[in-house]
Each structure stands twice: as C-alpha cells, then as structure tokens.
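Taken together, the values in this text are just the output of simple stated rules run on the coordinates, not laboratory data. None of the values given here were measured: they were computed from a predicted structure. Cβ: placed from backbone, ideal geometry, glycine included. Neighbour counts: every protein chain shown.
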Amino acid sequence: MKLNHLGIATKNIKKADEFVRNTHDVINSLGPIWDPNLNANLKLLEINNGIAIELVEGPVVNSLIKKGITLYHFCYEVDDINAKINQLKKSGGFVIVKPTPALLFQNRLVSFINTPIGIIELLSDK
C-alpha cells in the first residue's frame, strides 16, 4: 500500500483551504467537487515535499466535526482493492463504504474500512 493522502473533515471547505494554503506550500489542487456517491464536497491539495490533503465537507463528516474530530482517514493507493479489503477484514476491520467510484479520482474505486487504528480509505490505482 502506498500512502496517497490524509482526509481532513471540515465544516467549511473554503476556510480550511485558505488555512492549508497559508501554512503549506500547495503545488496543485483539484476541486472542490460534490460527489453524490460519497455524499461529500471534496478538495484535494498537493503539498510540496509532503503528503496530499483531502478536505471533506458535508453530511458524511458532520458527526465527526461535532465531536471535534478532524483527522478523518488515511488513504492508501492499492493495486487490488478487493484483495486489500479482504486482508483488512481478516485483521479486524469492517467495511463502512463498499467500493464506489470517486469523482475526485476520475471514477477510480474507493472503499472505506474502519480498522483498529482508524478509518482507512483504499483507492484503486486503476
């Protein structure tokens, strides 16, 4: 698995974007884009010499934000999403979002798994 980005829950994607741009060297961005498949407004910020940050706003993260949780997930790019899902399930994880096309990633499949170390998003490399 290759770490792709960190998912950050926010109630205001514009304010979060401004903060990241003021505190990091953003070299590229994509979005914001509303993805009805994931019930979220998403923006990806590529950071120079760092890991990308995905800002996530909307109903899917509202309950986390109310609890003060902003670090939402770690995303790993994988070559076989189904095999990796099975491995994570055998290790104590459970699927909270089955493989779904993600608009932000050109309809590549993503899946979210709740694990003993937090939520992991898997992103198909194809």
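Our helix-only sum for the chain, with -39,500 (n - 2.57) per DSSP H run of n ≥ 4 divided by its residues, gives a mean residue ellipticity at 222 nm of -6500 deg cm²/dmol.
What does the net charge come to around Lys14 if you take all other residues with beta carbon closer than 10 Å to its beta carbon, with K and R at +1 and D and E at -1?
Cβ neighbours under 10 Å give a net charge of -1.
Across the chain, Cα pairs under 8 Å and at least six residues apart give a relative contact order of 26 percent. The Cα trace of region 1-116 gives Rg and Dmax of 14.2, 41 Å, the first to one decimal, the second as a whole number. Summarising the amide proton neighbourhood of Trp34: residues at separation of 5 or more, or on other chains, whose placed amide H is nearer than 5 Å comprise Leu42.
Please give the charge dipole size of the chain, origin at the Cα centre, charges +1 on K and R Cβ atoms and -1 on D and E Cβ atoms. Round to the nearest 20 debye.
Once rounded to the nearest 20, the dipole reads 420 debye.
Checking the Cα-Cα distances for Lys66/Lys89; Lys11/Lys98; Lys2/Lys84; Lys11/Lys84 against a 19 Å cut-off, the pairs over it are Lys66/Lys89; Lys11/Lys98; Lys11/Lys84. Here the 3J(HN,Hα) profile of region 8-25, calculated from phi with Karplus coefficients 6.51, -1.76 and 1.60 at θ = phi - 60°, is 10, 7, 8, 8, 9, 5, 5, 5, 5, 4, 4, 4, 4, 5, 7, 10, 9, 8 Hz, Gly and Pro shown as x. Positive end of the dipole of the chain (Cβ unit charges, origin at the Cα centre): among Ile51, Leu123, Gly92, the Cα lying farthest that way belongs to Gly92.
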